[in-house]
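The values are calculated or read from the model by the stated rules, or taken from the named source; none is laboratory data. Note that the structure is predicted; figures quoted are calculated from it, not measured. Note that we place each Cβ from the backbone using ideal geometry, even for glycine, and neighbour counts take in every protein chain shown. Heavy atoms of the whole protein, side chains included, go into the accessibility calculation; ligands, DNA and RNA do not. Shrake-Rupley method; radii C 1.70, N 1.55, O 1.52, S 1.80 Å.
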Amino acid sequence: MSKKKSLAQQALVVRALHTTQGAGLDVYAFFIQGGDIVRVADISRIERDATDTLKGFQRPEIRQHVKGIVDYLNQGQVLFPNAIILAMSPDVKFAASRGSRPEGDARGSESGTLTLPIYDEGQRVAWIVDGQQRSIALSQAQHKDLAVPVIGFVSDNLSVQREQFILVNKAKPLPTRLINELLPETAAIVLPRDLVARKVPAELVNLLNQDPASPFHRIVKRASDRASSDAVVTDTALVSVIKNSLSSPLGALAPFKPVGREGSGDVAGMYRILITYWTAVKVVFADSWGKDPKHSRLMHSAGLLAMGLLMDAIYARVAPDADVTTVQREIEKVAPACRWTKGTWETLGLAWNEIQNTPPHVKKLQDALVRAYAASNHPKKL
């Protein structure tokens with residue numbers, strides 16, 4: 001007898017409707033008492049294990065949000081029609097009802113009974129894809145017998161679960177950093193166009209953070225990270241740098257982007273450019289690299305975005321396969337004008353620590369770097 005089966009001392013049996021969607025995935029609709037959701041379903045928190053493998057997908061519990069739902073539920077006779085969405089393992093069992101279908105049945109589904117084994121926490125038969133705050137609140141409410149709607153699909157494939165989590169929460173204020181970290185480990189073929197466009201940049205940022213040869217190794221802040229003194233760069237800033245370069249016709253990464261919606265383009269070529277350029281940046285500005293943005297505006301979002309545009313300008317002059325030394329010489333041309341950790345940007349009239357991540361400041365900083373680079377290459381014309 002398997003460990004899971006030995007833990008299933010009881011089970012919930014509910015009336016359900018069954019249909020199939022996608023690549024033959026079983027989907028069920030049923031009602032369950034609110035207090036029972038956390039008995040059959042775990043919350044898959046986003047985190048990374050010792051090998052840096054991404055686990056789960058849910059953001060941390062928002063206590064104030066949960067408390068607000070509990071207060072609402074404790075009012076008594078309340079309406080709660082919002083469905084909880086579960087990913088369920090194949091351990092659930094469905095038995096179709098016998099008998100003839102009613103006249104006029106559209107045959108979109110079949111009725112029957114669904115059995116959900118109750119396992120110990122951490123090994124439960126389902127995972128909450130949407131509704132974690134509501135599920136926690138329902139378990140804490142005074143009246144735990146409120147019947148709430150549930151939609152469950154059968155899949156223990158974590159990639160499928162992440163796809164559904166992103167799609168379900170796409171219209172909600174889901175943290176951008178959470179989506180950026182989940183996208184690289186999500187099959188892109190079923191994602192909307194805007195999320196597909198973000199997937200490759202997110203994959204590249206993930207590689208930059210994990211690769212020991214990368215100048216960004218272990219210094220990128222991610223949604224799964226706990227407090228870390230080493231992580232100083234926001235992943236959203238790097239994702240924006242890459243997206244901007246891919247979307248610009250003159251961008252350093254543009255020649256490597258995919259044609260049309262399908263495919264991911266030459267990701268290896270993009271990564272080679274990023275490693276070369278930012279390694280050169282780290283060498284030129286060694287005293288400013290890896291510091292908290294409060295102490296170095298090079299690591300600030302504004303600094304990264306500005307240096308990203310300079311990357312495009314430099315690779316308009318050097319070959320895509322240029323080595324670090326070649327790119328380093330180009331970056332050194334703007335070094336005298338930079339004020340990342342002290343001093344005042346003469347062309348901006350701003351002290352180094354007055355630079356903020358606002359569109360006007362980012363634009364001014366980008367212009368200052370690009371103009372300094374152009375002046376170094378054409379001193380007599382400017």
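Looking at Arg272, Arg339, can you tell me which residue is more than 21 Å from Ala231 (Cα to Cα), part of a helix (DSSP H, G or I) and touching a residue at least 12 places away in the same chain (Cβ under 8 Å)? So that I can check it myself, show each step before the final result.
Numbers: Arg339 fails: part of a helix (DSSP H, G or I).
Selected residue: Arg272, the only one of Arg272, Arg339 that is more than 21 Å from Ala231 (Cα to Cα), part of a helix (DSSP H, G or I) and touching a residue at least 12 places away in the same chain (Cβ under 8 Å).
Pick from Leu369, Leu298: which is surrounded by 15 or more Cβ atoms within 10 Å (Cβ to Cβ), in a helix (DSSP H, G or I) and at pLDDT 95 or above?
It is Leu369.
Scan Asp292, Asp312 and give me the residue that is assigned to a helix (DSSP H, G or I) and acidic (Asp, Glu).
Answer to the check: Asp312.
Residues checked against (1) modelled with pLDDT under 95; (2) open to solvent by 50 Å² or more (accessible area, probe 1.4 Å):
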position	(1), (2)
Gln328	no, no
Arg339	no, yes
Pro379	yes, yes
Leu382	yes, yes
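Within segment 350-370, how many residues are closer than 14 Å to Trp340 by Cα and of a type in the set (Ser, Thr, Tyr)?
0
If you take just the strands (runs of 3 or more DSSP E) that sit entirely in segment 34-120, which of them hold at least 3 residues that are modelled with pLDDT under 80? Give the steps one after another, and end with the answer.
Values: elements: 84-88, 93-96, 110-117.
Hits in segment 34-120: none.
Looking at segment 327-336 only, could you name the residues that are under 13 Å from Ala368 (Cα atoms) and either touching a Pro at 6+ places or on another chain (Cβ under 9 Å) or part of a loop (DSSP other than H, G, I, E, B) (or both)?
If the condition is that a residue be under 13 Å from Ala368 (Cα atoms) and either touching a Pro at 6+ places or on another chain (Cβ under 9 Å) or part of a loop (DSSP other than H, G, I, E, B) (or both), then Lys333, Val334 are the ones that fit.
Give Gln9, Gln21 a once-over and let me know the one that is modelled with pLDDT under 80, over 30 Å from Pro212 (Cα atoms) and surrounded by fewer than 13 Cβ atoms within 10 Å (Cβ to Cβ). Give the derivation first.
Details: Gln21 fails: modelled with pLDDT under 80.
Step by step, each of Gln9, Gln21 is checked, and only Gln9 is modelled with pLDDT under 80, over 30 Å from Pro212 (Cα atoms) and surrounded by fewer than 13 Cβ atoms within 10 Å (Cβ to Cβ).
Kindly indicate which of Ala213, Ala223, Ala254 is at pLDDT 85 or above and open to solvent by 30 Å² or more (accessible area, probe 1.4 Å).
None of the others qualify; the one that does is Ala213.
How many residues are farther than 18 Å from Ile314 by Cβ, of a type outside the set (A, V, I, L, M) and within 32 Å of the chain's Cα centre (by Cα) if we restrict to segment 326-382?
Of the residues in that region, 12 qualify.
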